[in-house]
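Before any comments, here is the structure.
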Amino acid sequence: MTAPYRYKIYKIAKRNSDKKRTIAHPSKELKFIQREITEYLTDKLPVHECAFAYKKGSSIKTNAQVHLHTKYLLKMDFENFFPSITPRLFFSKLRLANIDLTADDKVLLENILFFKSKRNSNLRLSIGAPSSPLISNFVMYFWDIEVQEICSKIGVNYTRYADDLTFSTNNKDVLFDIPDMLENVLPKYSLGRIRINHEKTVFSSKGHNRHVTGITLTNDNKLSIGRERKRKISAMIHHFINGKLSTDECNKLVGLLAFAKNIEPSFYKSMVIKYGSDNIYKLQKQKDK
């Protein structure tokens, strides 16, 4: 079967890092099949309520909202999350969920849902396939159950947005025990090559900049897009009004304004008042051309 090789592979820079992330986009035909399989599996594969990525009704906003009204925050993440998920790991979790597959089913799924970067490399989950989000959330389901149960007993909120793990609480010093707890839970669930990236572990508290999945938690318990984004948006609108923004930059600004309207409506309204609703309307029409 040639499906595992029918991907366009390229690399992009990781955020705040010199390292590169491998993106593998499936061909048009393969992507269609992956979407059909994902639609079929969506109601059959359990996903925990604390998983906020790639789920209908969930977003980076709803993920961040869980951690409002808390004083202390811990952020951690997994290293090379998607590529660490293999067919063997996926099938082991299916067995744990009492989902039986025939040998033919396994051959089909491992070739359709996983890719090979080289002829002699192992099959793994790709960043770029429409089926990968559901598979990754399902693989973490039993881990999420245990971590959630442990956290609830000690007064800690837990959410996972793909590979981003966030913990928050009002109990001082409790979060310092979380990294060791996670290391103890990982082997229990046989998560293969999935590992905690300790270099990304960040503890923070009120009075310091606290960010959850790119959203700022303010000291008065509100969500914000952050000062830097606000300054950027304001400057870009000014440049647009003066005819100094390219089409690509206009499209980017429209996206930033939509993000601001969703996360921090009061800031969006302040931009409309400052620069005029006519100019915001013109900007939207410019994007639609």
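In region 2-36, how many residues are without any contact (Cβ under 8 Å) to a residue 60 or more places away in the chain, assigned to a helix (DSSP H, G or I) and of a type in the set (D, E, K, R)?
Number satisfying all stated conditions: 3.
For the structure I just gave you, tell me whether HIS238 is loosely packed, with under 15 Cβ neighbours inside 10 Å and either without any contact (Cβ under 8 Å) to a residue 40 or more places away in the chain or more than 30 Å from PHE91 (Cα to Cα) (or both).
yes
Which ones in region 44-72 are among the charged types (D, E, K, R) and either part of a helix (DSSP H, G or I) or over 15 Å from SER168 (Cα atoms) (or both)?
LYS44, GLU49, LYS55, LYS56, LYS61
Looking for something under 23 Å from the mean Cα position of the chain (by Cα) and among the acidic types (Asp, Glu) - is there at least one such residue anywhere in region 69-77?
Yes, region 69-77 contains a residue that is under 23 Å from the mean Cα position of the chain (by Cα) and among the acidic types (Asp, Glu).
Let me spell it out: the conditions are (1) among the hydroxyl-bearing types (Ser, Thr, Tyr); (2) within 30 Å of ASP177 (Cβ to Cβ); (3) in contact (Cβ under 8 Å) with a residue 24 or more places away in the chain, and THR247 meets all of them except one. Which number is the exception?
(2)
Looking at SER152, SER92, SER121, SER132 in this structure, which one is surrounded by 17 or more Cβ atoms within 10 Å (Cβ to Cβ), small (Gly, Ala, Ser) and on the phi < 0 side of the Ramachandran plot?
Unique residue meeting the criteria: SER132.
Quick check: is even one residue across region 259-268 polar (S, T, N, Q), within 30 Å of ASP163 (Cβ to Cβ), surrounded by fewer than 17 Cβ atoms within 10 Å (Cβ to Cβ) and in the same structural domain as GLN148 (by TED's automatic domain parsing)?
Scanning region 259-268 turns up no residue that is polar (S, T, N, Q), within 30 Å of ASP163 (Cβ to Cβ), surrounded by fewer than 17 Cβ atoms within 10 Å (Cβ to Cβ) and in the same structural domain as GLN148 (by TED's automatic domain parsing).
Among (1) outside the structural domain of SER92 (by TED's automatic domain parsing); (2) surrounded by 14 or more Cβ atoms within 10 Å (Cβ to Cβ), there is one condition ASP248 misses while meeting the rest; what is its number?
ASP248 satisfies all of (1) outside the structural domain of SER92 (by TED's automatic domain parsing); (2) surrounded by 14 or more Cβ atoms within 10 Å (Cβ to Cβ) except (2).
Can you name every residue in region 185-223 that is in contact (Cβ under 8 Å) with a residue 60 or more places away in the chain, of a type in the set (Val, Ile, Thr) and in a loop (DSSP other than H, G, I, E, B)?
ILE194, THR201, THR213, listed by residue number.
What are the residues in region 60-101 that are small (Gly, Ala, Ser) and without any contact (Cβ under 8 Å) to a residue 60 or more places away in the chain, if any?
First, pick out the residues of region 60-101 that are small (Gly, Ala, Ser): 64, 84, 92, 97.
Within region 60-101, just ALA97 meets the criteria.
Search region 95-117 for residues being assigned to a loop (DSSP other than H, G, I, E, B) and in contact with a Phe, Trp or Tyr (Cβ under 9 Å, 6 or more places away or on another chain), and hand back the single one that is surrounded by the most Cβ atoms within 10 Å (Cβ to Cβ).
The qualifying residue surrounded by the most Cβ atoms within 10 Å (Cβ to Cβ) is PHE114.
I want to confirm something. Restricting to region 46-82 and keeping residues that are within 29 Å of ARG6 (Cα to Cα) and surrounded by fewer than 19 Cβ atoms within 10 Å (Cβ to Cβ), which single residue is modelled with the highest pLDDT?
Ranking the candidates gives PRO46 first.
The values are calculated or read from the model by the stated rules, or taken from the named source; none is laboratory data. Remember, it's a predicted structure, so these values are computed and weren't measured experimentally. Here the Cβ is made from the backbone with ideal geometry for all residues, glycine too, and neighbour counts use every protein chain on show.
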